[in-house]
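In what follows, a structure is listed as structure tokens, so that the remarks can point back to it.
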Amino acid sequence: MTDKKLKILFVSAEVSPFAKTGGLADVAGSLPRALSNSGNDVRVVMPRYKSIKSTMHYVTDFSISMDNTKETCIVRDTEIEYKNGEEIKGLPVYFIDSYRYFDRDGIYCHPDDGDRFIFFCKAVLEMLLKINFQPDVIHCNDWHTGPICMLLEEYYRKQSFYTNISTVYTIHNLEYQGNFSPGIVRLFNLGYDIFNPDKTEFYGQFSFMKAGIVYSDIINTVSEMYAKEIQTPQYGEKLEGLLSKRAHDLFGIVNGISYEQFDPEKDQWIVKNYNTATYSDKKENKQAIQKEMSLPLEDVPVIGLISRLSGQKGLNLIIEQIDNIMKHDVQFILLGTGDEYYENEFKSIENRYPDKVAFYAGFNATLAQRIYAGVDMFLMPSRFEPCGLGQIISLRYGTIPVVRATGGLADTVIDYDYDRVNGNGFSFKEFSSEEMLKTLERALELYNEDQEAWNKLVVKTLQLDCSWNKPAHKYMDLYYLAIGKRRPVK
Ligand code: ADP
């Protein structure tokens, strides 16, 4: 379209390396760098949680009206240093600091999360004027940032500073919608006109997610397949009607991953670095992870799983089939945290199969990298999956994904048995534990019966481009589209 450089504000509730619970943080930590590498002025903004200990500087402060009280906001900033070739660059990151809303333990799941993120959204927009940064596009991400699109439209756009700012709203997971009781609407200081079914009212509640979908110029999700799926009742979380209505403005772009953070050739957290020429060194990482997880050093296929433990991830299929999986000569390494139910189930499986299963309950980013590098295959039987990064990071480390073909998993994993040329993993369509087992058994069969073909598959995955290069260009196209809705693009 055009190669005009843009000013972009990227807004996210989590940004790696400062705060992470899942894939959103990975994207927020890496896509802005890719966009900035092509010469755009990209800045990131997030809440300053208590757990963030990085050095930062005071930028400005102001107060925000929340109904009839005023709350102080302090803006601080820092830079994420990163390499662009040999050049060291710095990506500006702003933090919205509030003693009342963010100076406490934990990122989410506080009873006043609605209040916290209304404050955040207002503060982000106020900050722009105070620091005199007038972005071409505000890129909002997930429910926490949806009201920014609404506040712009219903209030800020009347001021000339904000008139031409366009919005792109990315849905990383439609399941988390930020629905709160109607009383919360008063905190916007916009009156109750915004609370009707054409705007933000959703089954009697105020919906942050709906605000983002209704008011943004362009909407996208993190894979092409999920963009289609969410227009159906099965995946639409009751928003399929609205999303279908906006189908012309709804796109899908599969995430990339940071090639700085995830690089088998340079990863500082793994025992032995490797590349396509030295892929057989991956074995040393396998032995190291077996040792670290107290499993016997046996030359058997090792399956890995790294996941939030939630219903979305299809973990019940594994629980149902674990005895059949364990009939095979395999080991299984699991890393995850979340619902207590799954943690207890996995602990009990580990107790039943101490020589074959190792479960680490918790969040551990460096252990995750050693698992991606050390295991042979990676299991992701998700019920739904907007994009999924686990399978993409696995491919980057030459670890073969075994997945349910839904959302981004369908877009990124091609079944080897059905396409020997492009195949990079194994997948099944129907959400059933029998299908999962059969598919895992196909992967095990290739590993056990044809090591040469397996090794070729490993090399092929190591050669794939999972970087942000291509997706970042697609995001630029979306930004131009969004800008075009407000003013002519030169
Ligand atoms: P989601 O965003 O739904 O949680 P994704 O697959 O998109 O799922 O992204 C998950 C990200 O979080 C990946 O980078 C994965 O490695 C990481 N991750 C998930 N659980 C853990 C954990 N317990 N410890 C370390 N990293 C984890």
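The values are calculated or read from the model by the stated rules, or taken from the named source; none is laboratory data. In this text the structure is predicted, and so the values were computed from the model without any measurement. We place every Cβ from the backbone using ideal geometry, glycine too, and count neighbours over all the protein chains shown. Heads up: the accessible areas ignore ligands, DNA and RNA and are worked out on the full protein's heavy atoms, side chains in. Shrake-Rupley method; radii C 1.70, N 1.55, O 1.52, S 1.80 Å.
Points to keep in mind about this one:
- Test: residue in region 465-479 that is of a type in the set (Phe, Trp, Tyr) and not in a loop (DSSP other than H, G, I, E, B): yes
- Criterion: of a type in the set (Gly, Ala, Ser), open to solvent by less than 30 Å² (accessible area, probe 1.4 Å) and within 12 Å of the ligand (Cβ to nearest atom) - qualifying residue of 390, 423, 398: 390
- Among the residues listed as 357, 403, the single one being at pLDDT 95 or above and either farther than 27 Å from residue 280 by Cα or touching a Gly at 6+ places or on another chain (Cβ under 7 Å) (or both): 403
- Any hit, region 387-397, residues being modelled with pLDDT of 95 or more, assigned to a helix (DSSP H, G or I) and among the small types (Gly, Ala, Ser): yes
- Options 436, 380: the member that is touching a Pro at 6+ places or on another chain (Cβ under 7 Å), farther than 24 Å from residue 277 by Cβ and more than 16 Å from the ligand (Cβ to nearest atom): 436
- Matching residues, region 11-25, being near the ligand (Cβ under 8 Å from one of its atoms) and either open to solvent by less than 10 Å² (accessible area, probe 1.4 Å) or not in a loop (DSSP other than H, G, I, E, B) (or both): 23, 24, 25
- Some residue of region 155-162 being within 20 Å of residue 108 (Cα to Cα) and open to solvent by less than 10 Å² (accessible area, probe 1.4 Å): no
- Where a residue in region 454-478 is small (Gly, Ala, Ser) and its partner, wherever it lies, is outside any helix (DSSP H, G or I) and at pLDDT below 95, with Cβ under 9 Å and at least six apart: 467/258; 467/259; 472/38
- Positions within region 431-490 being open to solvent by less than 50 Å² (accessible area, probe 1.4 Å), of a type in the set (S, T, N, Q) and farther than 21 Å from residue 170 by Cβ, in sequence order: 432, 433, 439, 455, 461
- Considering 210, 199, the condition of being crowded, with 18+ Cβ neighbours inside 10 Å, assigned to a loop (DSSP other than H, G, I, E, B), modelled with pLDDT of 95 or more and basic (Lys, Arg) is satisfied by 199 alone.
- Within region 239-349, helices (runs of 4 or more DSSP H) holding 1 or more residues that are crowded, with 16+ Cβ neighbours inside 10 Å, within 16 Å of the ligand (Cβ to nearest atom) and among the charged types (D, E, K, R): 282-292
- Qualifying residue in region 82-95 (condition: assigned by TED's automatic domain parsing to the domain that holds residue 188, surrounded by fewer than 17 Cβ atoms within 10 Å (Cβ to Cβ) and within 16 Å of the ligand (Cβ to nearest atom)): no
- Members of region 350-363 found to be in contact with a strand residue (DSSP E or B) (Cβ under 7 Å, 6 or more places away or on another chain) and either within 14 Å of the ligand (Cβ to nearest atom) or assigned to a loop (DSSP other than H, G, I, E, B) (or both), listed by number: 356, 358, 359, 360, 361, 362, 363
- Across region 50-97, the number of residues qualifying as β-branched (Val, Ile, Thr) and free of Cβ contacts under 8 Å to residues at least 40 places away in the same chain comes to 6.
- Candidates are the residues of region 26-65 that are modelled with pLDDT under 95 and part of a loop (DSSP other than H, G, I, E, B); the one that is farthest from the ligand (Cβ to nearest atom) is 39.
- The criterion of being closer than 23 Å to residue 208 by Cβ, open to solvent by less than 10 Å² (accessible area, probe 1.4 Å) and free of Cβ contacts under 8 Å to residues at least 40 places away in the same chain holds for residue 125.
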